[in-house]
Amino acid sequence: QVQLVESGGGLVQAGGSLRLSCAASGGTFMWVAMGWFRQAPGKEREFVAAISRSGGSIAYLDPVKGRFTVSRDNARKMVYLQMNSLKPEDTAVYYCAAGAGTPTSVAASYDSWGQGTQVIVSS
């Protein structure tokens, strides 16, 4: 099983940018699909983005399309989420996840999860 550690969260003003990183260890990273999810206070965890093993298949939550970009570096066992034009509604704890199947928005499809990194966007 893959172990995941997120970093890069913080406090940013609306319109600003952050780059989240997810470092993987153990397992066979290059063979897993990776996802980013987020959970805002009082809300359920929601899908943000996912990327396939090769990076050739990518999916995004509609509200983040055009603002967020997911990428991966299999050699370094890293996944990134570049977040631009941040809005207060993007405030949440962001989690990366690894799954054996194809990239999907379904949280239950992912086997490994990181501990999360907090993103706060002030207005």
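Semi-axes, largest first, in whole Å: what does sqrt of 5 times each Cα gyration tensor eigenvalue give for the range 25-65? List each step's numbers first, then the result.
Working: eigenvalues 106, 42, 5 Å².
The answer is 23, 15, 5 Å, longest axis first.
Given the Cα-Cα distance of residue 75 and residue 5 and 0.36 nm per residue of separation, how much length would full extension add, in nm? Each step should come with its number before you reach the end.
On the way: separation 70, 0.36 × 70 = 25.20 nm, distance 1.65 nm.
23.6 nm is the gain from fully extending residue 75 to residue 5.
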**Asked** Can you give the accessible area of residue 43 in Å² (nearest 10), computed on protein heavy atoms with a 1.4 Å probe?
**Response** 140
**Fill in**
Rounded to whole angstrom, the alpha-carbon centroid of the range 15-36 lies from that of the range 43-75 at a distance of 10
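If each residue of separation counts as 0.36 nm, what is the full-extension length gain between residue 19 and residue 102 once their alpha-carbon separation is subtracted? Provide the component values of the computation, followed by the final result.
On the way: separation 83, 0.36 × 83 = 29.88 nm, distance 2.38 nm.
Fully extending the segment from residue 19 to residue 102 adds 27.5 nm.
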**Item:** Tail weight of P(r) past 18 Å, computed on alpha-carbon pairs of the range 52-123, percent
**Value:** 44
**Viscosity 1.002 mPa s, 20 °C: Kirkwood-radius Stokes-Einstein D of the chain over Cα pairs, µm²/s** = 153
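The values are calculated or read from the model by the stated rules, or taken from the named source; none is laboratory data. Just so it is clear, the structure is predicted and the values come from calculations on it, not from any experiment. When the accessible area is computed, the model is the full protein with side chains, heavy atoms only, and any ligands, DNA or RNA have been set aside. Shrake-Rupley method; radii C 1.70, N 1.55, O 1.52, S 1.80 Å.
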